[in-house]
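Enquirer: Before I ask anything, let me first share the structure, which is written out below as structure tokens.
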Amino acid sequence: MAQISITVNGKVRKADVEPRLLLTHFLREQLNLTGTHLGCDTSQCGACTVLIDGRSAKSCTIFAVQADGAAVTTIEGLAKDGQLHALQTAFWEEHGLQCGYCTPGMILSAVDLLQKNPKPSEQQIREGISGNYCRCTGYQHIVNAVQRAARG
Amino acid sequence: MATTTPVLPKLVGQRVKRREDPRLIQGLASYVDDIKVAGMQYLAFKRSDVAHGRITRIDTTAAAAMDGVEAVFTGAQIAEIVPPMPIGTPFPSPAHHAVAVDVVRYAGEPVAVVVARDRYVARDAADAIVVSYERLPAVVDLEQAMTGKPAVIHKDFANNLAVALVPGGTGVGADYSVDDTAINKAFAAAEVVISQRMVNQRLAPTAIEGRGVLAHYEPGRGTMTIWSSTQNPHILRTMIAAMNGLGQDQVRAIAPEVGGGFGAKINIYGEEYVAAAISKKLGVPIKWVEDRSEAFVATTHGRDILGYIDLAAKRDGTVLGLKLRLIADIGAYNMLLTAAIPTLTMLMANATYNIPAIRVTLTEVFTNKTPTDAYRGAGRPEATYFVERAMDMLARELNMDPADLRRKNFIQPYQFPFATQMGAVYDSGDYEKCMDLALKNAKWKELKAERDAAKAKGRLVGIGMAMYVEVCGLGPSSSLPTGGWEHSGVTIERDGRITATTGASPHGQGNETTFGQMLADQFGVPLEHVTILHGDTSIVKQGIGTFGSRSQAVGGTALHLAGGKVKAKMAKFAAALLEANEDDLVFENGRVFVKGAPASGKSFAEVAAYAYVPVPLPPGLEPGLSDEAFFEPANNTYPFGCHISMLEIDRETGEPKLLKLIAVDDAGNLINPLIVEGQIHGGLAQGIGQAMIEEVVYNSDGQLVTGSFMDYAIPRAIDFPRFELDFTCTPTPVNPLGAKGVGEAGTLGSTPCIVAAAVDALSEFGVKHIDMMLRPEKLWRIIHGGKS
Ligand code: FES
Ligand code: FES
């Protein structure tokens with residue numbers, strides 16, 4: 001077992017974990033933050049995306065012990081003071097989700113994208129979210145949502 | 001004090017944003033793996049790594065001895081608590097054990113099960129089970145399989161024929177007697193015949209949430225609660241009850257938030273039966289959640305139909321006859337609807353045309369692969385693909401514009417209801433109007449000029465079009481073994497708010513919104529006052545489920561009818577309260593009043609309260625405002641559309657790129673166009689995926705080569721241009737909403753229109769047809785004349 005301390009959504013969380021415990025499972029099983037989803041086992045789908053120290057990362061591809069000392073933001077921590085994040089609102093307005101399973105990861109990837117490039121072109125948006133699979137929407141409404149959020 | 005009543009807008013037909021979304025965008029929804037029950041244990045399955053073999057030995061000792069392992073079961077032990085799995089079609093079927101007992105018939109078939117305290121330990125223990133096999137020859141090639149070679153998979157099914165041969169179409173009687181006169185005459189009169197072998201390849205549905213189940217048998221109460229990522233909790237309840245010796249009253253099935261289904265979550269799977277039976281045996285809650293690599297082998301695949309098509313016509317483009325020989329590769333076993341899916345391909349072979357004679361035959365074949373079942377479109381995209389490809393080839397042969405060829409052969413609006421050669425009765429349609437709008441939106445003439453200009457510069461650009469008609473709103477009970485109705489309950493609560501239930505169990509379709517819109521309008525109340533419940537058999541009294549684009553057409557109608565019953569009763573209470581005639585009452589803006597005199601009325605909540613404390617009780621009325629309805633449709637619905645695409649192929653690499661996709665769909669009346677567009681987009685994405693990048697591939701040993709997202713490509717955002725959508729509206733007479741269903745539409749027109757564009761792009765190489773997917777290597781070989 002290994003001792004870790006991770007700041008999750010602004011709160012310090014200390015735990016004893018198996019070294020092989022995935023960060024996703026740590027968040028989901030131990031902290032009950034089930035908004036982070038798992039959609040594959042080959043680091044492709046992005047359903048597990050969280051922000052680690054502000055940058056998007058696939059939480060299925062890191063062990064919890066590797067995140068020791070880091071600050072993690074999950075979808076549950078994105079809204080502030082009861083106010084939805086601009087991307088959350090935009091996904092809602094533009095019907096950027098159907099089953100919603102890819103959505104937390106998709107939104108967090110888009111957060112990272114807009115931080116790096118606040119005014120992306122449509123092509124840049126499509127490239128920026130290509131590490132996130134959505135089987136429901138055909139992506140068009142997701143692209144619209146990111147454009148809306150970028151417009152502010 | 002004067003109060004102003006807010007005016008509520010009519011919501012049906014509006015782009016209302018979804019009520020489901022707040023929980024989904026904040027990570028507050030509960031999918032099956034998010035649910036925990038105290039004392040829960042995890043399952044892991046040991047799966048066969050050979051495609052065909054006899055189990056000679058299973059050693060579970062090491063696994064059973066591991067710390068945290070509760071139990072290990074072999075197939076023989078599971079067979080004692082899980083009977084062979086039932087199917088939902090009337091075809092003969094070999095026994096199918098949830099966990100293989102002696103012979104494994106596809107790579108990935110379960111051979112043993114572990115129960116452990118967490119998923120990591122369960123997986124370790126499954127890995128520690130050692131299984132030895134006597135290898136048998138793997139049956140992989142479809143046409144070879146039909147000759148019984150290299151092996152017969154199920155001993156009672158000679159030549160691996162699951163369904164030997166079913167004839168259908170012109171001259172085929174209800175008793176399957178066959179009269180060839182008409183079809184022979186059609187082909188004898190032909191001036192041109194198009195003949196082509198085409199493959200509608202195998203696909204993996206891949207909802208981003210895999211399957212999962214949590215079964216909780218409570219020995220003290222003798223009841224089972226089962227959560228599952230399913231499209232149809234009521235069917236799950238029926239099956240779990242029957243398989244566990246329980247009554248349906250003793251089983252509660254819950255579809256929590258479901259992360260996509262696409263047809264693959266209709267089937268009730270072995271993992272669900274095993275979890276339930278083990279929970280009952282051990283008296284502990286049991287959870288199983290599928291990994292993605294597992295999903296590729298363990299969740300049913302879709303399509304995989306080979307077609308031999310012959311299309312007879314005159315040189316002026318008049319179609320005279322169609323022959324279609326269908327051979328379906330259904331994999332190793334029959335699942336719930338497996339055998340029925342290709343029959344929908346048969347049913348829809350008439351497409352959108354007047355075809356004087358059609359003959360279709362269907363054969364279904366076992367192979368050592370994962371079983372097939374429904375996948376978005378389920379049989380209809382295959383029919384559309386085969387017929388539309390042949391029409392495109394005919395247009396090319398005759399040097400006719402493909403749109404002109406269609407126009408010449410369309411079923412005309414006055415011909416509806418139209419009885420097809422295949423026994424369907426198309427409800428309504430105006431195909432030409434739909435195609436003309438698509439041609440206009442695509443600027444078809446200019447598009448052709450654009451293509452020609454690009455070609456003149458040496459670019460490989462092509463355009464393609466396709467029509468489709470599909471069968472939706474399934475369906476009359478005569479067509480579904482479960483019954484084809486849907487159920488809904490509507491209750492006006494004492495405070496005037498509305499609770500409604502629907503048996504249509506959504507997994508992304510947005511029924512909480514669309515059904516809410518309908519009730520808000522029906523009762524003249526704010527949408528926020530309506531709650532739609534679904535997915536829990538203890539709350540939703542009866543139901544069938546969501547598939548075959550049926551939730552709006554059938555489920556929505558049941559809701560409308562249940563609402564109508566309650567409203568009629570509420571009008572009686574209001575009439576008593578207002579001393580008015582119930583026929584004169586209007587429900588609007590949260591009030592019930594006599595037409596023309598809104599001020600005179602009562603609030604909706606006051607009328608509701610009165611119905612629950614009815615002093616005095618109006619004669620002939622019972623207290624309360626709650627009723628239900630079953631809607632049995634008299635027919636299916638037949639939505640249709642036209643898809644047009646433009647595509648470019650890189651001359652150097654063979655890589656295709658989709659430049660344009662224009663779709664005009666006609667699903668009758670739309671409740672929420674925003675949601676409808678989302679459904680079309682999603683269907684297009686899967687159709688384009690099939691045409692361009694998706695294919696399940698097995699090697700000659702029956703090993704799945706495309707067993708993860710590394711090898712099986714599902715489309716990403718960069719794979720698509722912006723889709724251009726539009727609609728025509730031809731309401732159906734089959735239900736009072738005039739709604740036809742739209743969930744699968746996008747998968748139908750997209751595949752043939754894209755392949756047509758690819759053939760068009762490569763026309764200079766004399767190519768007539770290309771099988772999907774449009775693998776760059778395949779296109780490169782055409783460009784380079786087969787030379788490498
Ligand atoms: S679950 Fe992490 S990338 Fe798929
Ligand atoms: S909304 Fe279902 S996977 Fe994206």
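The values are calculated or read from the model by the stated rules, or taken from the named source; none is laboratory data. Just so it is clear, the structure is predicted and the values come from calculations on it, not from any experiment. Using ideal geometry, Cβ is built from the backbone for each residue, glycine included, and neighbour counts are taken over all protein chains shown.
Enquirer: Quick check on this structure: which one of B:Gly13, B:Gly27 is within 30 Å of B:Leu737 (Cα to Cα) and of a type in the set (Gly, Ala, Ser)?
Expert: So the residue among B:Gly13, B:Gly27 that is within 30 Å of B:Leu737 (Cα to Cα) and of a type in the set (Gly, Ala, Ser) is B:Gly13.
Enquirer: Only one residue in B:Ala466, B:Ala449, B:Ala500, B:Ala453 is away from chain A (no Cβ under 14 Å), out of contact with any Phe, Trp or Tyr (no Cβ under 7 Å at 6 or more places or on another chain), in contact (Cβ under 8 Å) with a residue 12 or more places away in the chain and not polar (S, T, N, Q). Which one?
Expert: It is B:Ala466.
Enquirer: Right, next: Within the stretch A:82-99, does at least one residue satisfy the condition of being within 16 Å of ligand 1 (Cβ to nearest atom) and over 10 Å from the mean Cα position of the chain (by Cα)?
Expert: Looking for residues that are within 16 Å of ligand 1 (Cβ to nearest atom) and over 10 Å from the mean Cα position of the chain (by Cα), one finds at least one in the stretch A:82-99, hence yes.
Enquirer: Additional query: In the stretch B:727-742, is there at least one residue being surrounded by 17 or more Cβ atoms within 10 Å (Cβ to Cβ), of a type in the set (A, V, I, L, M, F, W, C) and either within 16 Å of ligand 2 (Cβ to nearest atom) or closer than 19 Å to B:Gly263 by Cβ (or both)?
Expert: Within the stretch B:727-742 (the criterion being surrounded by 17 or more Cβ atoms within 10 Å (Cβ to Cβ), of a type in the set (A, V, I, L, M, F, W, C) and either within 16 Å of ligand 2 (Cβ to nearest atom) or closer than 19 Å to B:Gly263 by Cβ (or both)), the answer is yes, since at least one residue qualifies.
Enquirer: Is it fair to say B:Lys443 is under 13 Å from B:Ser645 (Cα atoms) and out of contact with any Cys (no Cβ under 9 Å at 6 or more places or on another chain)? Give the steps one after another, and end with the answer.
Expert: Working: under 13 Å from B:Ser645 (Cα atoms): yes; out of contact with any Cys (no Cβ under 9 Å at 6 or more places or on another chain): yes.
Yes, satisfied.
Enquirer: So, in the stretch A:110-141, of the ones that are surrounded by fewer than 24 Cβ atoms within 10 Å (Cβ to Cβ) and polar (S, T, N, Q), which residue ends up farthest from ligand 1 (Cβ to nearest atom)?
Expert: Among those that are surrounded by fewer than 24 Cβ atoms within 10 Å (Cβ to Cβ) and polar (S, T, N, Q), it is A:Ser121.
Enquirer: Is it the case that B:Gly270 is within 16 Å of ligand 2 (Cβ to nearest atom) and at pLDDT 95 or above? Outline the logic, then answer.
Expert: On the way: within 16 Å of ligand 2 (Cβ to nearest atom): no; at pLDDT 95 or above: yes.
Answer is no for this residue.
Enquirer: If the requirement is being in a loop (DSSP other than H, G, I, E, B) and either surrounded by 14 or more Cβ atoms within 10 Å (Cβ to Cβ) or within 14 Å of chain A (Cβ to nearest Cβ) (or both), which of these qualifies: B:Lys17, B:Lys10?
Expert: That would be B:Lys17, the only listed residue that is in a loop (DSSP other than H, G, I, E, B) and either surrounded by 14 or more Cβ atoms within 10 Å (Cβ to Cβ) or within 14 Å of chain A (Cβ to nearest Cβ) (or both).
Enquirer: Checking A:Ala79 against (1) of a type in the set (Gly, Ala, Ser); (2) more than 8 Å from chain B (Cβ to nearest Cβ); (3) away from ligand 2 (no atom under 16 Å from the Cβ), which test does it fail?
Expert: Unmet condition: (2).
Enquirer: Answer yes or no: is there a residue in the stretch B:393-413 that is more than 28 Å from B:Phe727 (Cβ to Cβ), touching a His at 6+ places or on another chain (Cβ under 9 Å) and aliphatic (A, V, I, L, M).
Expert: Checked the stretch B:393-413: at least one residue is more than 28 Å from B:Phe727 (Cβ to Cβ), touching a His at 6+ places or on another chain (Cβ under 9 Å) and aliphatic (A, V, I, L, M).
Enquirer: If A:Tyr133 satisfies every condition in (1) within 11 Å of ligand 2 (Cβ to nearest atom); (2) out of contact with any Pro (no Cβ under 9 Å at 6 or more places or on another chain); (3) touching a residue at least 40 places away in the same chain (Cβ under 8 Å) but one, which is the exception?
Expert: (2)
Enquirer: Considering only residues that are part of a helix (DSSP H, G or I) and touching a Lys or Arg at 6+ places or on another chain (Cβ under 7 Å), look in the stretch B:731-758 and name the one that is farthest from B:His681 (Cα to Cα).
Expert: As a first pass, look at the stretch B:731-758 and keep what is part of a helix (DSSP H, G or I): B:746-758.
Right, trim to touching a Lys or Arg at 6+ places or on another chain (Cβ under 7 Å) and you get B:747-748, B:752, B:755.
Working: B:Thr747: 9, B:Leu748: 12, B:Pro752: 17, B:Val755: 19 Å.
Filtering first and then ranking leaves B:Val755.
Enquirer: Would you confirm, using the coordinates I've provided, whether B:Gly516 is part of a helix (DSSP H, G or I) and surrounded by fewer than 19 Cβ atoms within 10 Å (Cβ to Cβ)?
Expert: no
Enquirer: Which residue, of B:Gly39, B:Gly27, is at the interface with another protein chain (Cβ under 10 Å from one of its Cβ atoms) and part of a loop (DSSP other than H, G, I, E, B)? Can you show your working first?
Expert: Values: B:Gly39 fails: at the interface with another protein chain (Cβ under 10 Å from one of its Cβ atoms).
Result: B:Gly27 is the single residue among B:Gly39, B:Gly27 that is at the interface with another protein chain (Cβ under 10 Å from one of its Cβ atoms) and part of a loop (DSSP other than H, G, I, E, B).
Enquirer: Condition first: within 16 Å of ligand 2 (Cβ to nearest atom), closer than 20 Å to B:Gly27 by Cα and touching a strand residue (DSSP E or B) at 6+ places or on another chain (Cβ under 7 Å). Can you find one or more residues in the stretch A:87-95 that meet it? Walk me through it before giving the result.
Expert: Step one: filter the stretch A:87-95 for residues within 16 Å of ligand 2 (Cβ to nearest atom), giving A:87-88, A:90-95.
Keeping just the survivors that are closer than 20 Å to B:Gly27 by Cα gives A:87-88, A:90-95.
Pick out the ones that are also touching a strand residue (DSSP E or B) at 6+ places or on another chain (Cβ under 7 Å) and you get none.
Checked the stretch A:87-95: no residue is within 16 Å of ligand 2 (Cβ to nearest atom), closer than 20 Å to B:Gly27 by Cα and touching a strand residue (DSSP E or B) at 6+ places or on another chain (Cβ under 7 Å).
Enquirer: Moving on. Can you list the strands (runs of 3 or more DSSP E) found entirely within the stretch B:123-203 that contain at least 3 residues being of a type in the set (A, V, I, L, M, F, W, C), within 23 Å of B:Tyr375 (Cβ to Cβ) and not assigned by TED's automatic domain parsing to the domain that holds B:Arg775?
Expert: B:161-169, B:192-203
Enquirer: Out of the stretch B:104-141, which residues are surrounded by fewer than 20 Cβ atoms within 10 Å (Cβ to Cβ), under 32 Å from the mean Cα position of the chain (by Cα) and not basic (Lys, Arg)?
Expert: Listed by number, the list holds a single entry, B:Asp141.
One line per residue, one yes/no per condition, for (1) free of Cβ contacts under 8 Å to residues at least 60 places away in the same chain; (2) surrounded by fewer than 24 Cβ atoms within 10 Å (Cβ to Cβ); (3) in contact with a strand residue (DSSP E or B) (Cβ under 6 Å, 6 or more places away or on another chain); (4) of a type outside the set (S, T, N, Q):
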{"position": "B:Ile341", "(1), (2), (3), (4)": "yes, no, no, yes"}
{"position": "B:Val360", "(1), (2), (3), (4)": "no, no, yes, yes"}
{"position": "B:Thr363", "(1), (2), (3), (4)": "no, yes, yes, no"}
{"position": "B:Lys369", "(1), (2), (3), (4)": "no, no, yes, yes"}
{"position": "B:Ala378", "(1), (2), (3), (4)": "no, no, no, yes"}
{"position": "B:Glu382", "(1), (2), (3), (4)": "no, no, yes, yes"}
{"position": "B:Met391", "(1), (2), (3), (4)": "no, no, no, yes"}
{"position": "B:Gln415", "(1), (2), (3), (4)": "no, yes, no, no"}
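Enquirer: Out of the residues in the stretch A:114-132 that are part of a helix (DSSP H, G or I) and closer than 17 Å to A:Gln44 by Cα, state the one that is nearest to the other protein chains (Cβ to nearest Cβ).
Expert: So, considering only residues that are part of a helix (DSSP H, G or I) and closer than 17 Å to A:Gln44 by Cα, the one nearest to the other protein chains (Cβ to nearest Cβ) is A:Arg126.
Enquirer: Can you say whether B:Gly302 is farther than 18 Å from B:Tyr42 by Cα, away from ligand 2 (no atom under 16 Å from the Cβ), within 14 Å of chain A (Cβ to nearest Cβ) and small (Gly, Ala, Ser), as far as the supplied structure shows?
Expert: Against the criterion (farther than 18 Å from B:Tyr42 by Cα, away from ligand 2 (no atom under 16 Å from the Cβ), within 14 Å of chain A (Cβ to nearest Cβ) and small (Gly, Ala, Ser)), B:Gly302 qualifies.
Enquirer: Filter the stretch A:85-113 down to the residues that are outside any helix (DSSP H, G or I) and within 7 Å of chain B (Cβ to nearest Cβ) and list them by number. It would help to see each step written out before you state the result.
Expert: Going through the stretch A:85-113, the residues outside any helix (DSSP H, G or I) turn out to be A:85, A:94-102.
A:His95, A:Leu97, A:Gln98, A:Cys99, A:Gly100, A:Tyr101, A:Cys102, listed by residue number.
Enquirer: Between B:Gly245, B:Gly259, B:Gly210, B:Gly169, which is out of contact with any His (no Cβ under 8 Å at 6 or more places or on another chain) and within 16 Å of ligand 1 (Cβ to nearest atom)?
Expert: Criteria check complete, one pass: B:Gly210.
Enquirer: Filter the stretch A:20-52 for residues that are over 11 Å from the mean Cα position of the chain (by Cα) and among the small types (Gly, Ala, Ser); which is farthest from the other protein chains (Cβ to nearest Cβ)?
Expert: Applying the filter and picking the extreme gives A:Ser43.
Enquirer: Being touching a residue at least 40 places away in the same chain (Cβ under 8 Å) and in contact with a Leu (Cβ under 7 Å, 6 or more places away or on another chain): is that true of B:Gly473 here?
Expert: When the stated conditions are applied, B:Gly473 does not pass them.
Enquirer: Right, here's the next one. Among the residues of the stretch B:205-229, write down those that are within 16 Å of ligand 2 (Cβ to nearest atom) and in contact with a helix residue (DSSP H, G or I) (Cβ under 6 Å, 6 or more places away or on another chain).
Expert: Within the stretch B:205-229, B:Gly210, B:Gly212, B:Ser229 qualify.
Enquirer: What pairs come up if the first residue lies in the stretch B:237-259 and is within 16 Å of ligand 2 (Cβ to nearest atom), the second is assigned to a helix (DSSP H, G or I), and their beta carbons are under 6 Å apart, counting only those six or more places apart or on different chains?
Expert: B:Ala255/B:Pro233; B:Pro256/B:Val32
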